[in-house]
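> The following block contains the structure, expressed as C-alpha coordinates.
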Amino acid sequence: MTRNIQHRRLSDVKSGLPNLRALRKARDLTQAELAEKSGVTQATISDLESGKQHMAQFATLRQLAKALRVSVGDLFEKPTT
(Lines give C-alpha, C1' and ligand atoms only; values in the text may rest on other atoms or scores of the structure.)
Protein backbone atom coordinates (compact mmCIF):
# COMPACT_ATOMS: atom_id res chain seq x y z
CA MET A 1 0.00 0.00 0.00
CA THR A 2 2.84 2.42 0.77
CA ARG A 3 4.13 2.14 -2.78
CA ASN A 4 0.88 3.55 -4.14
CA ILE A 5 1.03 6.53 -1.78
CA GLN A 6 4.64 7.46 -2.58
CA HIS A 7 3.82 9.13 -5.88
CA ARG A 8 0.70 10.97 -4.76
CA ARG A 9 0.66 14.48 -3.42
CA LEU A 10 -0.70 15.08 0.04
CA SER A 11 -3.03 17.91 -0.94
CA ASP A 12 -5.17 17.76 2.16
CA VAL A 13 -2.55 19.51 4.30
CA LYS A 14 -4.10 22.89 5.10
CA SER A 15 -1.40 24.41 7.27
CA GLY A 16 1.83 22.87 6.12
CA LEU A 17 3.42 20.48 8.57
CA PRO A 18 2.43 21.79 11.99
CA ASN A 19 5.10 19.87 13.90
CA LEU A 20 8.02 20.32 11.51
CA ARG A 21 9.34 23.50 13.13
CA ALA A 22 8.98 22.10 16.66
CA LEU A 23 10.76 18.86 15.73
CA ARG A 24 13.54 20.76 13.98
CA LYS A 25 14.05 23.13 16.90
CA ALA A 26 13.94 20.28 19.42
CA ARG A 27 16.95 18.84 17.60
CA ASP A 28 18.65 22.25 17.60
CA LEU A 29 18.76 22.39 13.80
CA THR A 30 18.44 25.42 11.56
CA GLN A 31 16.45 25.15 8.37
CA ALA A 32 19.75 25.11 6.47
CA GLU A 33 21.07 22.23 8.57
CA LEU A 34 17.88 20.23 8.12
CA ALA A 35 18.05 20.91 4.39
CA GLU A 36 21.58 19.53 4.28
CA LYS A 37 20.68 16.44 6.33
CA SER A 38 17.48 15.68 4.43
CA GLY A 39 18.26 16.73 0.87
CA VAL A 40 15.14 18.93 0.87
CA THR A 41 15.72 22.57 -0.05
CA GLN A 42 15.67 25.20 2.67
CA ALA A 43 12.99 27.06 0.73
CA THR A 44 10.73 24.00 0.78
CA ILE A 45 11.29 23.52 4.51
CA SER A 46 10.46 27.18 5.14
CA ASP A 47 7.33 27.00 3.01
CA LEU A 48 6.14 23.80 4.72
CA GLU A 49 6.75 25.23 8.19
CA SER A 50 4.88 28.43 7.43
CA GLY A 51 2.01 26.78 5.59
CA LYS A 52 2.87 28.65 2.39
CA GLN A 53 3.31 25.28 0.68
CA HIS A 54 0.32 23.03 1.24
CA MET A 55 1.47 19.98 -0.70
CA ALA A 56 4.49 17.74 -0.45
CA GLN A 57 5.45 14.55 -2.17
CA PHE A 58 5.63 11.51 0.06
CA ALA A 59 9.33 11.16 -0.76
CA THR A 60 9.93 14.67 0.62
CA LEU A 61 8.07 13.84 3.82
CA ARG A 62 10.03 10.63 4.17
CA GLN A 63 13.35 12.49 3.73
CA LEU A 64 12.41 15.04 6.40
CA ALA A 65 11.19 12.36 8.81
CA LYS A 66 14.35 10.31 8.34
CA ALA A 67 16.61 13.33 8.96
CA LEU A 68 14.62 14.16 12.13
CA ARG A 69 14.46 10.48 13.19
CA VAL A 70 10.66 10.46 13.45
CA SER A 71 7.80 8.89 11.54
CA VAL A 72 6.10 10.72 8.69
CA GLY A 73 2.97 10.84 10.83
CA ASP A 74 4.86 12.75 13.53
CA LEU A 75 5.27 15.64 11.07
CA PHE A 76 1.49 16.13 11.03
CA GLU A 77 0.94 16.07 14.79
CA LYS A 78 0.06 19.33 16.48
CA PRO A 79 3.10 20.61 18.39
CA THR A 80 2.86 20.16 22.15
CA THR A 81 4.06 23.55 23.33
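The values are calculated or read from the model by the stated rules, or taken from the named source; none is laboratory data. This one's a predicted model, so the numbers in the text were calculated from it and none came from an experiment. All Cβ positions, even for glycine, are placed from backbone atoms using ideal geometry, and neighbour counts span all protein chains on display.
> When the residues of region 37-81 are narrowed to those that are among the β-branched types (Val, Ile, Thr) and modelled with pLDDT of 90 or more, which ends up surrounded by the fewest Cβ atoms within 10 Å (Cβ to Cβ)?
THR41
> Okay, moving on. So which residues in region 37-71 are part of a helix (DSSP H, G or I), β-branched (Val, Ile, Thr) and farther than 14 Å from ARG24 by Cβ, if there are any at all? Break it down into steps so the answer makes sense when it comes.
Just the residues of region 37-71 that are part of a helix (DSSP H, G or I), to begin with: 37-38, 42-50, 58-68.
Still in the list and also β-branched (Val, Ile, Thr): 44-45, 60.
Matches in region 37-71: THR60 only.
> So, one more: Working only within region 30-40, note down all residues that are under 11 Å from the mean Cα position of the chain (by Cα), of a type outside the set (Gly, Ala, Ser) and farther than 12 Å from LEU20 by Cα.
Selection gives VAL40 alone.
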